[in-house]
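Participant: Below is one structure. I have some questions about it.
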Protein chains: 2
Amino acid sequence: MRCLYHFALHPCSRKLRLILREKSLDFALETENYWERRPAFLKFNPSGEVPVLVEEDGAIVADPNAIEEYIEERYPEQPMIGATPAERAETRRLSAWFDQKFNREVTANLFDQKVIRRLKGNGGPDSQAIRNGLSNIHYHLDYVGWLADRRKWLAGDQLTIADLAAAAQLSVLDFIGDVPWDDHPPARDWYARVKSRPSFRPLLSDALPGFTPPAHYANLDF
Amino acid sequence: MRCLYHFALHPCSRKLRLILREKSLDFALETENYWERRPAFLKFNPSGEVPVLVEEDGAIVADPNAIEEYIEERYPEQPMIGATPAERAETRRLSAWFDQKFNREVTANLFDQKVIRRLKGNGGPDSQAIRNGLSNIHYHLDYVGWLADRRKWLAGDQLTIADLAAAAQLSVLDFIGDVPWDDHPPARDWYARVKSRPSFRPLLSDALPGFTPPAHYANLDF
């Protein structure tokens, strides 16, 4: 069976799980503690990063963007990027915004500091990084709200990988209670819509020993 | 006319110039000192990053990956990503490797520290970053050489955006004399092949006041 090597609380791994489920493609999950740089995994992806997709025919695809484009090309039913070149450009711009810019400015400063550093045995978080992450998240949530006020979904009329990219990042921060939802009602309403989709359900039961998500994390009504 | 907002020594701006020229698409260039966050430019791209493509029909496309996929979709002649989903996945994996991983581990530590910090008025480089960049570049050049020894071009039999991504990163480091070519002959031979293409010529005459590239920078025979 198709297999996704992933880490449960890794944003781009979550994004790929959501895409596969939205497209109704079956897959098995293999947990990869990517920071351990396991030699057999480095053969799949020399960068050592998750996610990696291994297809039933043996095809190995690494890099989140390469995987999602590959899935869209091989399984075009239920398109997740958009119909026209202009729609697809807007989806890809926003998807990169969350995969890269949001991750660098927010998730790396909060989740990676509080959780991944501990899993790696690198000690406690850097307090300046935490302050930066808690400050930066507000303008990103403003942007999500601004988009959600003007469009049905973040990139337009359809749910796309842009929504899944944003929701995947926010979901790992929500797991540690770091999303100031009360300050950003439009972003909260959009997130509640994504969170209530069947594709999202499995993410809400992921567990990480030593961490307990807040009560609202898995509550579909917030 | 089609216009690319760019910064001459910015790797992804250079990559897009190379793609447009390889596809024989005419374009004008507008220099954008992106760190100044000019309000009119932020309307084109709220992330404030170059490059941004403005098409003759008024379409505005931001984000390097979104632009190159848009160009490939609208102008499929002279394909630059590959033919099959598997080929395209490999091209995209390597393109992301250089656009993101190489940029983060090498270019940000060397070029951004030595040049962009000075242009921003942020003072001199951080010496630990320089040491990291000078150390990291070796394994990336080993990887380029390993790929070039096994394939005609980095992603396969055809020149793709993976070659242009790698060459664009290396070209800005070569501008400041920071590429240890003599230690990596296979990477050097591959780079000489990319550098001698007509699409590369305009990049080699880019100037930056206060910086003089080494003699070999614009020498097609190295």
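Participant: So for A:Ser205, A:Ser13, what's the accessible-area order with a 1.4 Å probe, most first?
Facilitator: A:Ser205, A:Ser13
Participant: Averaged per residue, what accessible area in Å² does the stretch B:2-101 show with a 1.4 Å probe, protein chains only?
Facilitator: 38 Å²
Participant: In addition: Once Rh is set to the Kirkwood radius over Cα pairs, what Stokes-Einstein translational diffusion coefficient, in µm²/s, holds for the stretch A:1-112 at a temperature of 10 °C and a viscosity of 1.306 mPa s?
Facilitator: The estimated diffusion coefficient comes to 108 µm²/s.
Participant: Taking the Cα centre of chain B as the origin and placing charges on Cβ (Lys, Arg +1; Asp, Glu -1), which of B:Thr160, B:Pro202, B:Thr107 is farthest toward the positive end of the dipole?
Facilitator: So the residue we want is B:Thr107.
Participant: For the protein assembly as shown, rounded, prolate or oblate, judged on the Cα gyration tensor with a ≥ b ≥ c (square roots of eigenvalues), a/c < 1.5 rounded, else prolate if a/b > b/c?
Facilitator: rounded
Participant: Using only the Cα atoms of chain A, what semi-axes does the equivalent ellipsoid have when each is the square root of 5 times a gyration tensor eigenvalue? Give whole Å, largest first.
Facilitator: 25, 24, 16
Participant: Roughly how many debye, to the nearest 20, is the charge dipole of chain B about its Cα centre, given +1 on each Lys and Arg Cβ, -1 on each Asp and Glu Cβ, and no other charges?
Facilitator: 380 debye
Participant: Which ³J(HN,Hα) values in Hz, rounded to whole numbers, follow from the phi angles of the stretch A:196-204 under the Karplus curve 6.51 cos²θ - 1.76 cosθ + 1.60, where θ = phi - 60° and Gly and Pro get x?
Facilitator: My calculation for the stretch A:196-204 gives 8, 6, x, 4, 7, 3, x, 5, 6 Hz in order.
Participant: Oh, and also: Where in the stretch A:24-88 are there GluC sites (Glu not before Pro) that are in a DSSP coil and have at most 14 other Cβ atoms within 10 angstrom of their Cβ?
Facilitator: Sites meeting the loop and neighbour criteria: A:Glu56, A:Glu77.
Participant: Over all directions, how big on average is the projection of the convex hull of the alpha-carbon atoms in the stretch B:155-222, in square nanometres?
Facilitator: If you wrap the Cα atoms of the stretch B:155-222 in a convex hull and average its projections, you get 4.7 nm².
Participant: Can you give me the pair-distance distribution of the stretch A:59-186, C-alpha pairs, 10 Å bins, whole percents?
Facilitator: Once binned at 10 Å, the Cα pair distances of the stretch A:59-186 give 12, 39, 30, 16, 2.
Participant: Just to be sure I understand: if you take the accessible area of chain B alone plus chain A alone and subtract the pair, with a 1.4 Å probe, what total do you get in Å², rounded to 100?
Facilitator: Looking at B and A, the buried total is near 1900 Å².
Participant: While we're looking at this one, here's another question. Please give the calculated 222 nm ellipticity per residue for chain A, where each DSSP H segment of at least 4 residues contributes -39500 (n - 2.57) and the sum is spread over every residue; nearest 500 deg cm²/dmol?
Facilitator: -14000 deg cm²/dmol
Participant: Please list, in order along the stretch B:129-138, the HN-Hα scalar couplings obtained from phi with the Karplus expression 6.51 cos²θ - 1.76 cosθ + 1.60 (θ = phi - 60°), rounded to whole Hz, x for Gly and Pro.
Facilitator: Whole-Hz 3J(HN,Hα) from phi for the stretch B:129-138: 4, 4, 4, 4, x, 5, 7, 5, 4, 5.
Participant: Average the reciprocal distances over every distinct pair of alpha-carbons in the stretch A:9-74, invert the result, and give the Kirkwood radius in Å.
Facilitator: 12.3 Å
Participant: A drop of at least 20 square angstrom in accessible area, chain alone versus all protein chains together, probe 1.4 Å. Which residues of the stretch A:54-68 meet that?
Facilitator: Buried-area filter returns A:Ala62, A:Asp63, A:Asn65, A:Ala66.
Participant: Would you be so kind as to identify which of B:Phe7, B:Val52, B:Gln128 lies farthest towards the positive end of the dipole of the stretch B:1-160, taking Lys and Arg as +1 and Asp and Glu as -1 on Cβ and the Cα centre as origin?
Facilitator: Result: B:Gln128.
Participant: Give me the percent of the accessible area of chain B that comes from carbon and sulfur atoms, probe 1.4 Å, all protein chains in place.
Facilitator: 48 percent
Participant: Using Cα springs under 10 Å in a Gaussian network model of chain A, which residue among A:Pro185, A:Pro79, A:Pro39 shows the largest mean-square fluctuation?
Facilitator: Taking springs between Cα atoms under 10 Å, the residue moving most is A:Pro39.
Participant: Okay, moving on. About the Cα centre of the stretch B:117-219, what is the dipole size in debye to 20, counting +1 per Lys and Arg Cβ and -1 per Asp and Glu Cβ, all else neutral?
Facilitator: Here the size comes out at about 280 debye.
Participant: Say we join alpha carbon atoms closer than 10 Å with springs in a Gaussian network model of chain B; which of B:Leu170, B:Leu110, B:Leu119 then has the biggest fluctuation?
Facilitator: The residue with the greatest mean-square fluctuation here is B:Leu119.
Participant: Could you give the dipole magnitude of the protein assembly as shown about its Cα centre, charging the beta-carbon of Lys and Arg +1 and that of Asp and Glu -1, in debye to the nearest 20?
Facilitator: My answer is approximately 740 debye.
The values are calculated or read from the model by the stated rules, or taken from the named source; none is laboratory data. This one's a predicted model, so the numbers in the text were calculated from it and none came from an experiment. Heads up, the Cβs are rebuilt from the backbone with ideal geometry, glycines too, and the neighbour counts pull from every protein chain shown. Please note that ligands, DNA and RNA were not included when accessible areas were found on the heavy atoms of the full protein model with its side chains. Shrake-Rupley method; radii C 1.70, N 1.55, O 1.52, S 1.80 Å.
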